[in-house]
Amino acid sequence: MLENYVLCKYIAEFWNTSTNMAFFALALFGMWRVRAMKQEGRFLLCYVGMLVVGLGSWLFHMTLQYQWQLADELPMVYGTCICIYCAFQADAKAATKSTYMWLVLVGYSATVTLVYVQIRRPVFHQVAYALEVAVIMIRSMMHQRQIRKTDQRAYAKLVSLFWLGGGSFGLAFVLWNIDNIFCAELRAMRAMLPAALAPFLQLHAHWHIGTALGCYVSIVYQQYLRLIKLGVVNDYRMRRLAFVVPYIDRRIKA
């Protein structure tokens, strides 16, 4: 629980709202890189989904209204479905699409939406989302096992992305649970700290930053995986922004 409308009379949870800028910044950067590399539109959709998740979370934490809670939570399911599509279509030939896969994922999203709106139990949403994450992780590990046999260099890059994305999500999840369990204690500690230090104990806000990075890295993973499967990965290189944020760039030919 946070101290609502303390820093701004228009924003209920200031830090939980403002940290969604991480979603906006990383999603827009990712969209720019997709366009610069002329990769397939599916990856652009992944970043659009990430942007919508950040916007929904921003609106919910700014207002604490139920309709914006749905806009915060349900886009997580929709955006992850796009990533699942990317994971399962990594082996497909260039410019090919799977209508069957899209129908399955749209059906899943619609079912989760209809059930969740009716029962209004957060645990249902959490399980539905966790199932999607599990599917992506299992499919990604299957790809990694195949690539390990043929391209050790590409495999090492994939593993690095896998652990960075998973680690970001994992650490964020730990902080989110600490914030839920020790809400009252953290609030009391923030009250004792100077105003400049109190935000460091806004653990739900750190959850937003961690999940934003994890989401972004997961999409970069799918982009890099696609380049490997298309057999053009040697034309690209992995770079880092601020030593942390990975992105793919074309190699400059001599």
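Structure data summary
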item	result
Hits in the range 187-235 - residues which are under 19 Å from residue 58 (Cα atoms) and either β-branched (Val, Ile, Thr) or touching a His at 6+ places or on another chain (Cβ under 7 Å) (or both)	209, 211
Set 114, 103, 51: member being under 21 Å from the mean Cα position of the chain (by Cα) and modelled with pLDDT of 95 or more	51
Cβ-Cβ under 8 Å pairs, at least 6 apart or on other chains, the range 39-52 side acidic (Asp, Glu), far side open to solvent by less than 20 Å² (accessible area, probe 1.4 Å)	40/226
Positions within the range 242-254 being in a strand (DSSP E or B) and either of a type in the set (Lys, Arg) or open to solvent by 80 Å² or more (accessible area, probe 1.4 Å) (or both), in sequence order	250
Any pair with Cβ under 9 angstrom, 6 or more apart, that starts in the range 107-122 at a residue that is at positive phi and charged (D, E, K, R) and ends at one that is in a helix (DSSP H, G or I) and at pLDDT below 95	120/66
Residues of the range 28-47 classified as under 30 Å from residue 10 (Cβ atoms) and either surrounded by 18 or more Cβ atoms within 10 Å (Cβ to Cβ) or of a type in the set (Lys, Arg) (or both), total	3
The range 226-241 - residue that is aliphatic (A, V, I, L, M) and more than 15 Å from residue 33 (Cβ to Cβ) and, of those, most open to solvent (accessible area, probe 1.4 Å)	230
Scope the range 89-110; condition in a loop (DSSP other than H, G, I, E, B) and of a type outside the set (A, V, I, L, M, F, W, C); matching residues	89, 91, 93, 96, 97, 98
Count of residues meeting criterion [open to solvent by 50 Å² or more (accessible area, probe 1.4 Å) and either modelled with pLDDT of 95 or more or within 30 Å of residue 69 (Cβ to Cβ) (or both)] in the range 86-95	1
Complete set of residues in the range 8-27 that are within 23 Å of residue 186 (Cβ to Cβ) and loosely packed, with under 14 Cβ neighbours inside 10 Å	8
All positions within the range 142-155 that are of a type in the set (A, V, I, L, M) and either touching a residue at least 12 places away in the same chain (Cβ under 8 Å) or open to solvent by less than 60 Å² (accessible area, probe 1.4 Å) (or both)	147, 154
Out of 201, 213, 161, sole residue that is open to solvent by less than 30 Å² (accessible area, probe 1.4 Å) and touching a helix residue (DSSP H, G or I) at 6+ places or on another chain (Cβ under 7 Å)	161
When residues of the range 96-113 are limited to those that are closer than 11 Å to residue 81 by Cβ and of a type in the set (Val, Ile, Thr), the one surrounded by the most Cβ atoms within 10 Å (Cβ to Cβ)	112
Single match in 184, 195, 191, 172 (criterion: within 16 Å of the chain's Cα centre (by Cα) and of a type in the set (A, V, I, L, M))	172
Hits in the range 1-33 - residues which are charged (D, E, K, R) and in contact (Cβ under 8 Å) with a residue 40 or more places away in the chain	3, 13, 33
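The values are calculated or read from the model by the stated rules, or taken from the named source; none is laboratory data. What you see is a predicted model, and the numbers here were worked out from it, not measured in a lab. Here the Cβ is made from the backbone with ideal geometry for all residues, glycine too, and neighbour counts use every protein chain on show. All accessible areas refer to the heavy atoms of the entire protein, side chains included, with ligands and DNA or RNA removed. Shrake-Rupley method; radii C 1.70, N 1.55, O 1.52, S 1.80 Å.
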